[in-house]
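A.B. asks: Take a look at this one; I'll ask things after.
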Amino acid sequence: MKYLVIRDDDLSYWTKPEKIEKIYSPLFKKGIKISFAVIPYAVKMYNPGDFDSMYQDVDTAKPIGENREIVEYMREKIKEGVAEIMLHGYNHLYSLKAGDKLYVATKYNIEYLKSKGEPFSFVGEYMDKYEKLYFKTGEGKRYLEDIFGVKIKNFVPPSNQIGVEGVRAVAENGLNISGIAGKKYDRELNLKGLESYVKRIIFKFKHPNLTYPYIVDYGSHKELAGYAFTPSTDWERYENQLSFCDQNNLPFQIATHYWELEGELLQKYYDFIEKVLSKGFKSAFLKEVLA
Ligand SMILES: [Zn+2]
């Protein structure tokens with residue numbers, strides 16, 4: 001079936017309802033459904049999206065329940081049938097990987113590593129160990145279910161990074177995943193998983209410039225790629241991906257961040273959504289598509 005899923009990441013304690021209302025009221029009014037990836041205990045993020053100046057503050061983690069305005073607003077949208085709540089990590093805290101050492105992504109640590117001339121990269125929250133992630137996933141999921149009065153079905157890996165232990169921790173909490181990470185096989189080993197991996201390899205060979213567009217069923221959980229709609233999106237590739245999904249009756253999942261949607265990009269976003277719907281795609285939540 002041709003479904004349009006719209007995924008918006010990073011809603012948290014730090015989100016102002018006015019921002020969500022400004023972007024989404026024109027879509028909500030038309031009954032277009034949005035699947036929000038929500039961080040239960042988000043730390044504050046400075047300069048998001050810019051890896052040259054981005055940093056976090058560890059002591060700023062806040063439960064979303066303490067922002068009554070955003071909770072009330074989202075509850076209303078859930079009631080209206082236009083918002084899905086998905087789990088997006090626990091606190092979305094990045095690590096800095098320098099050699100084989102890990103540091104928390106604070107301003108202090110970034111400046112320290114830079115001053116020593118040590119190269120480092122940002123590593124997402126779900127590249128961690130199974131036990132820790134199993135616990136965090138369960139707790140975050142229960143908390144959001146309680147706050148919003150919903151059942152959560154999907155997980156969106158923070159920074160689109162998740163390792164094999166993270167996948168297991170998420171699947172064992174009964175969640176499907178938005179996004180298909182990595183080129184190598186980094187999932188639990190079973191026949192269904194290997195079959196789908198072979199399909200992915202064949203697809204990549206036939207269509208080197210497309211992302212694997214089918215729902216992947218690993219037995220323990222399902223995955224569906226989201227196509228990033230950001231200032232650095234390759235629009236030609238994006239259009240080709242849409243054409244392929246259109247011609248082959250496949251779902252199309254836009255993945256974006258409300259905090260990036262402004263000016264020209266926001267207009268492009270509205271236009272693109274209009275276009276997809278005019279091709280006969282039906283607006284749906286990710287939980288409906290992966291059900
Ligand atoms: Zn995120």
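Just so you know, all these numbers are worked out from the coordinates, no wet-lab data involved. Nothing here was measured: the structure is a model prediction, and the numbers come from that model. All Cβ positions, even for glycine, are placed from backbone atoms using ideal geometry, and neighbour counts span all protein chains on display.
A.B. asks: Short version: what are the Cα gyration tensor semi-axes of region 143-233, square root of 5 times each eigenvalue, largest first, in whole Å?
C.D. replies: Values: eigenvalues 117, 63, 23 Å².
Over the Cα atoms of region 143-233, the semi-axes work out to 24, 18, 11 Å.
A.B. asks: Normalised by the residues of region 172-288, what does the relative contact order come to in percent, with Cα pairs under 8 Å and at least six apart? Walk me through the numbers on the way to the answer.
C.D. replies: Numbers: 98 pairs, mean separation 27.3, N = 117.
Relative contact order here is 23 percent.
A.B. asks: Residues with beta-carbon under 11 Å from that of residue 3, excluding residue 3: net charge, scoring Lys, Arg +1 and Asp, Glu -1?
C.D. replies: Numbers: positive: 2, 33, 282; negative: 288.
Result for the neighbourhood of residue 3: +2.
A.B. asks: Something else about it: Let's see if you can work this out: charge +1 on each Lys and Arg Cβ, -1 on each Asp and Glu Cβ, no other charges. What is the dipole magnitude of region 207-291 about its Cα centre, in debye to the nearest 20? Present the calculation step by step, with values, prior to reporting the outcome.
C.D. replies: Values: 7 positive and 12 negative charges, 61 e Å.
In debye, rounded to 20, region 207-291 gives about 300.
A.B. asks: Here is a further query. At q = 0.12, 0.15, 0.21 Å⁻¹, what log₁₀ I(q)/I(0) does a Debye calculation on the Cα points of region 177-271 give, no solvent, two decimals?
C.D. replies: At q = 0.12, 0.15, 0.21 Å⁻¹ the computed log10 ratios are -0.44, -0.66, -1.11.
A.B. asks: Using the Kirkwood radius built from alpha carbon pairs, what does the Stokes-Einstein equation give as D for the chain at 4 °C and 1.567 mPa s, in µm² per second?
C.D. replies: Values: Rh = 19.7 Å.
Taking Rh from Cα pairs, D becomes 66 µm²/s.
A.B. asks: Moving on. Summing Lys, Arg as +1 and Asp, Glu as -1, what charge do residues with Cβ under 13 Å from the Cβ of residue 109 carry, residue 109 excluded? Numbers along the way, then the final one.
C.D. replies: Details: positive: 97, 101, 107, 114, 116; negative: 57, 111, 118.
Its environment carries a net charge of +2.
A.B. asks: Specify which residue in the list 140, 155, 193 is farthest towards the positive end of the charge dipole of region 63-200, using unit charges on the beta carbon of Lys, Arg (+1) and Asp, Glu (-1), about the Cα centre.
C.D. replies: Sorting the options by dipole projection puts first 193.
A.B. asks: With +1 on the Cβ of every Lys and Arg and -1 on the Cβ of every Asp and Glu, and nothing else charged, how large is the dipole of region 3-289 about its Cα centre, in debye rounded to the nearest 20? Kindly include the intermediate steps, with their values, before the conclusion.
C.D. replies: Numbers: 41 positive and 41 negative charges, 143 e Å.
In total the dipole reaches around 680 debye.
A.B. asks: Next question, about the same structure. Could you give the distance between the Cα centres of region 200-224 and region 229-291, to the whole Å?
C.D. replies: Cα centres, region 200-224 to region 229-291: 18 Å.
A.B. asks: Turning to a different aspect of this structure: Hey, which of these cross-link pairs are over 27 Å Cα-Cα: 44/141; 22/97; 33/268?
C.D. replies: Numbers: 44/141 20 Å; 22/97 37 Å; 33/268 18 Å.
Among 44/141; 22/97; 33/268, the Cα-Cα distance tops 27 Å for 22/97.
A.B. asks: A further question follows. Of the beta bridges DSSP finds with both residues in region 3-289, what % are antiparallel, to the nearest 5? Display every interim value, and only then the final one.
C.D. replies: Values: 14 of 39 bridges.
Of all bridge pairs located within region 3-289, approximately 35 percent are antiparallel.
A.B. asks: Separate question: Positive end of the charge dipole of region 101-218 (Lys, Arg +1 and Asp, Glu -1 on Cβ, about the Cα centre): tell me which of 121, 210, 170 has its Cα farthest that way.
C.D. replies: 210
A.B. asks: Quick check: net charge around residue 43, other residues with Cβ under 11 Å of its Cβ, Lys/Arg +1 and Asp/Glu -1? Could the numbers behind the result be given before it?
C.D. replies: Numbers: positive: 44, 62; negative: 57, 59, 125.
Net local charge, residue 43 excluded: -1.
A.B. asks: What list of whole percents do you get for P(r) of region 40-131, with Cα-Cα distances grouped in 5 Å bins up to the one holding the largest distance?
C.D. replies: 3, 12, 19, 20, 15, 12, 9, 6, 4, 1, 0
A.B. asks: How would you rank 1, 45, going from fewest to most other Cβ atoms within 10 Å of each one's own Cβ?
C.D. replies: Working: 1 10, 45 21.
In increasing order of surrounding Cβ atoms, one gets 1, 45.
A.B. asks: To the nearest 500 deg cm²/dmol, what mean residue ellipticity at 222 nm is calculated for the chain from DSSP H runs of n ≥ 4 alone, each contributing -39,500 (n - 2.57), summed and divided by the residues?
C.D. replies: Working: 9 runs with 110 residues, N = 291.
Theoretical 222 nm ellipticity from helices: -12000 deg cm²/dmol.
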